[in-house]
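Comments concern the structure below.
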Amino acid sequence: MFEWILDIFKRFALSLNFSEYYANVLAESISFLSLFVVAIGLYYLTRFIIRRTIYQFIKRSKTNFDDILMKNKVIARASLLVPSYILNEFADETLPSFPVAAEFVQETIEVYVIFVVAFILDAIISSVNDFYNTFEVSKSKPIKGLTQVFKIVIYIIAALLIIATLIGKDVGNLILGLGTLSAVMMLVFRDPILGFVGGIQLTLNDMVRIGDWISMPKYGADGDVLEITLTTVKVQNWDKTITTIPTYAMVSDYFTNWRGMADSGGRRIKRHVNIDMASVDFCTAEMLEKYKEYQLVSNYITKKESEIEVFNTANNIDTSNLVNG
């Protein structure tokens, strides 16, 4: 495909009294740059087509998942593979006299493809998490920590593949060689590992959910849980400040979850009230009539009076003594 470009510029260089070597350098450099320009041009053409066709279709569709894919740029990142495909297919044709340079270009393309694939998988995982968050179950069973683990694994694999590509080693042998660095890796990834284990325990044991009111005095946290990630739990305190707590600390340390009180519909008031016991007495009929004027308790008093009257009548209770009935 690019042979005619090579031939034209090689003849032009030779006509200027360039040596055979420098004529090849000039011709093949221009040929490769032409290929690079074509690859970039096709990339922008692909993006233009995606925006005018696929994105318009997504906006008109009734499903939500494709909108999330568009928001996380999954399709846009996939279009980054177009230049790598063009360069990989025709790089050898543009550099026939320089196999070392062609090999370097091929390795660079492989590294680029690994990066792009990792970014695409990252976006897909983020889309899955966002789509899952549209369901009510996500508040009690969040998966953000799990998705972060998958992302870390993907980037670790990508890094190993890139290193193996650059040094020309097999990935399996590279992993065996890294075994000696396991202690260092455990130290580096200590928080993510502890956070992952803690996140699993929090989820499986239903210890905390998004939206729960928790108190953890050790970390100055007292408010609603906003987010549960791989390494941290984000809490919005009542004064609107944000406290971040290590996920594993939620398992190793103590905290109070007020979910049960919230679900019961009650409220705990942590204030003491002094009451004169001599002032406590049974309600008289006059007092009840007065309290019925209070709208908050009016229906309650009427209902209870009716229930008590039915009970007393059914059981022949002597109501002359207030203790009875």
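Quick one: in region 240-256, which of the residues that are in a strand (DSSP E or B) and in contact with a Ser or Thr (Cβ under 8 Å, 6 or more places away or on another chain) is surrounded by the fewest Cβ atoms within 10 Å (Cβ to Cβ)? Looking at residues that are in a strand (DSSP E or B) and in contact with a Ser or Thr (Cβ under 8 Å, 6 or more places away or on another chain), I get 256. Of all residues in region 100-115, those that are free of Cβ contacts under 8 Å to residues at least 60 places away in the same chain and among the hydrophobic types (A, V, I, L, M, F, W, C) have Cβ atoms under 6 Å from Cβ atoms of residues that are surrounded by fewer than 16 Cβ atoms within 10 Å (Cβ to Cβ) and part of a helix (DSSP H, G or I), 6 or more apart or on another chain, in 102/92. Among the residues of region 61-106, those identified as over 30 Å from residue 132 (Cα atoms) and acidic (Asp, Glu) are 89, 92, 93, 103. Checking each residue in region 202-219 for being part of a helix (DSSP H, G or I), surrounded by 14 or more Cβ atoms within 10 Å (Cβ to Cβ) and modelled with pLDDT of 75 or more picks out 202, 219. Candidates are the residues of region 220-239 that are of a type outside the set (Asp, Glu) and more than 24 Å from residue 263 (Cβ to Cβ); the one that is surrounded by the most Cβ atoms within 10 Å (Cβ to Cβ) is 230.
The values are calculated or read from the model by the stated rules, or taken from the named source; none is laboratory data. Remember, it's a predicted structure, so these values are computed and weren't measured experimentally. Cβ sites come from the backbone with ideal geometry, for glycine too, and all protein chains shown count toward neighbours.
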